[in-house]
Amino acid sequence: MFQFKNCEELLKLCAEQKTDISQIAIKYEMEISGKSRAKVRDKMKQVRDTMWEAIQTGIKATDKSQYGLVGGDAKKVYDGTKNMANLLGSKVGVRAMAYALATNEQNARMGKIVAFPTAGGSGVVPGVLFSTFEHMKSSKRKMLNALFAASALGIAILEHGGTFSAAKAGCQAEVGIGTAMAAAGVTEMRGGTPEQCINAAALALKNMLGLACDPLGGLVEVPCVKRNAIYVNVALGASDLSLLGVVSVIPMDQVVEAMMNISAHMSETIRETALGGLAVTKKGLELRKKMGLPPIPEKYLNRKIGAAPACRNKCNGCG
Amino acid sequence: MQNSIFDVAGPIMVGPSSSHTAGACKIGQIARALFRGTPTEVTFYLYGSFAQVYQGHATDRALLAGVMKMMTSDSNIKEAFKIAKKNKLAYEFITVEEAPDHHPNTVRIILKNAKRKLSVVGSSIGGGKVTITQINNINIDLEAVFGRFFSLLVGHNNEEDVLNPVYGKLIDWGIPITSKQTISMKKNSLTMLNIEEGYLRLPQVLELEKLPGIQFVRSLTKLLKE
């Protein structure tokens, strides 16, 4: 009854039932688990409360992760929101960055978090949703619904052949999908139609395609923590664009197909193996040595920054 | 199996990594459940990626926490070393360079006390799934998921229908079984039941253990709520 295999079917369900994505998500879960609405909502409340606890601990903590790569930035950014005159971003955006940092820093220092959709991409959704929730002085029910809407998008992506695994598809599948889910959730919280929610997700994910997973030493720390923070802005921006009537030319389902298509072209060195990208920069290798990890095989290190292939255009532009 | 909303919105876990921390904890839980007693000594042989990056992902603390029956979302996982000392559980981690036939994230856990010794080999295969591939050097293939379910591990003999009374009791208590998997060995079998809706209380576990043909029942969480 409330099953959907992709975003198109999800939107069709919303239109048939004349309701929001979150309500379809709740009915979907009731149907597959055989649980009551109250039980399903209670479970999501637990998710919400765990997120909030992680944020609250994270914005106060100053201790570092085991190797000292991350920790303490959430507090800096959160304290920064007290004087917005010095900053360019909106209070919602900066606070969302603080919350995302807090969540991922808590993850790095072994705190309790919700892997939404995964541990590595767990910051964007709570960052965006809680900051907007505070800004709008929204109701708790709307907050819960936004989480359901975000999860429904995740299900649609999985059912359409997508993945959340960076080992399979790089960071576009972790922080990328986290950002798309946050965009959809926050758009519903702001009163957007189901079409606007899915459109916001498409706008967000479209702009994260091709993102590599290249963490230092394979730890979920650099660049993951700050990446979650920066991308909250993409989610907020996508939601704004969508509500202002900007429509993604490529529909969401096809963006997911594009993501999987790109993942097939991705070298394994940038899929969570710590053998490429930032992980093999001079600084990255230095830190790896400090951590006492085994050195990276020589063959991965010889990929010097080559000259770009000769330009075939006969213009005078680049000489 | 159909994706649940809470596969996306979850699991609630202690970081930093689902495969290297939460998965490791689950393997520890299973080893402890199979041991049937309180171990005084535990040795972990770490293979592949577990051997390379175990410190950064706190795989060591998570494994030890699992052996002490902590859940994957228990914030005390961090303090596993201290808690082990308090409980007088001696532990040792040995990294093994060569891992011939194993998945990259593999550990061999050897639990001991004055009476018993048990060896369990398990791998964390990503996405919250773990498999147990050896128990006391007998090759098996048992798969477990963390996060969504509470698992019951039941040891029983190979008689037909021996599990029916167990199912009956669970139905009486209103606990739905989501999936089951049975591994048969020479004389005995091992069944993993994934249940939803909370976990069994200790008296219920003991009641199941009294049923004919059932050797032991273990709940892969703390047996009782604190």
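The values are calculated or read from the model by the stated rules, or taken from the named source; none is laboratory data. Keep in mind it's a predicted model, so treat the numbers as computed, not measured. Neighbour counts are summed over all protein chains in view; Cβ atoms, including those assigned to glycine, are modelled from backbone coordinates with ideal geometry.
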Farther than 16 Å from B:R36 by Cβ, small (G, A, S) and at pLDDT below 80 - does that describe any residue in region B:192-210?
-> yes
Could you grab the pairs with beta carbons closer than 7 Å, sequence gap of 6+ or different chains, first residue in region A:278-296 and facing another protein chain (nearest Cβ under 10 Å), second one at pLDDT below 85 and surrounded by fewer than 11 Cβ atoms within 10 Å (Cβ to Cβ)?
-> none
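Determine, yes or no, whether B:A80 is free of Cβ contacts under 8 Å to residues at least 24 places away in the same chain and either in contact with a Lys or Arg (Cβ under 9 Å, 6 or more places away or on another chain) or outside the structural domain of B:M13 (by TED's automatic domain parsing) (or both). Steps first, please.
On the way: free of Cβ contacts under 8 Å to residues at least 24 places away in the same chain: yes; either in contact with a Lys or Arg (Cβ under 9 Å, 6 or more places away or on another chain) or outside the structural domain of B:M13 (by TED's automatic domain parsing) (or both): yes.
So B:A80 passes the test.
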Members of region B:37-52 that are polar (S, T, N, Q), in a helix (DSSP H, G or I) and either more than 7 Å from chain A (Cβ to nearest Cβ) or surrounded by 23 or more Cβ atoms within 10 Å (Cβ to Cβ) (or both) = B:S49
Check every one of the helices (runs of 4 or more DSSP H) wholly within region A:1-61 and list those with 1 or more residues that are over 25 Å from the mean Cα position of the chain (by Cα) and within 12 Å of chain B (Cβ to nearest Cβ).
-> A:21-33, A:37-58
Which of the residues that make up region A:105-139 are without any contact (Cβ under 8 Å) to a residue 60 or more places away in the chain and closer than 19 Å to A:K64 by Cα?
-> A:Q106, A:R109, A:M110, A:G111
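Looking at region B:4-25 only, could you name the residues that are more than 7 Å from chain A (Cβ to nearest Cβ) and either part of a strand (DSSP E or B) or not aliphatic (A, V, I, L, M) (or both)? Explain how you work it out, then say what you get.
First, pick out the residues of region B:4-25 that are more than 7 Å from chain A (Cβ to nearest Cβ): B:7, B:19-25.
If the condition is that a residue be more than 7 Å from chain A (Cβ to nearest Cβ) and either part of a strand (DSSP E or B) or not aliphatic (A, V, I, L, M) (or both), then B:D7, B:S19, B:H20, B:T21, B:G23, B:C25 are the ones that fit.
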Of (1) of a type outside the set (D, E, K, R); (2) farther than 15 Å from A:A25 by Cα; (3) without any contact (Cβ under 8 Å) to a residue 12 or more places away in the chain; (4) in a helix (DSSP H, G or I), A:T187 satisfies all except one. Which?
-> (3)
Please state which of the following conditions A:K168 fails to meet, knowing it meets all the rest: (1) more than 21 Å from A:Q106 (Cβ to Cβ); (2) at pLDDT below 95; (3) in a loop (DSSP other than H, G, I, E, B).
-> (3)
In this structure, does A:G185 turn out to be closer than 15 Å to A:S22 by Cβ, of a type outside the set (S, T, Y) and surrounded by 24 or more Cβ atoms within 10 Å (Cβ to Cβ)?
-> yes
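Is region B:26-36 home to any residue that is surrounded by fewer than 17 Cβ atoms within 10 Å (Cβ to Cβ), in a loop (DSSP other than H, G, I, E, B), more than 8 Å from every other protein chain (Cβ to nearest Cβ) and under 17 Å from the mean Cα position of the chain (by Cα)? Write out each step before concluding.
In the first step, residues of region B:26-36 are kept if they are surrounded by fewer than 17 Cβ atoms within 10 Å (Cβ to Cβ); the result is B:36.
Next cut, in a loop (DSSP other than H, G, I, E, B) only: B:36.
Subsequent filtering for residues that are more than 8 Å from every other protein chain (Cβ to nearest Cβ) retains B:36.
Those still in the list that are under 17 Å from the mean Cα position of the chain (by Cα) too: B:36.
Taking every residue of region B:26-36 in turn, at least one turns out to be surrounded by fewer than 17 Cβ atoms within 10 Å (Cβ to Cβ), in a loop (DSSP other than H, G, I, E, B), more than 8 Å from every other protein chain (Cβ to nearest Cβ) and under 17 Å from the mean Cα position of the chain (by Cα).
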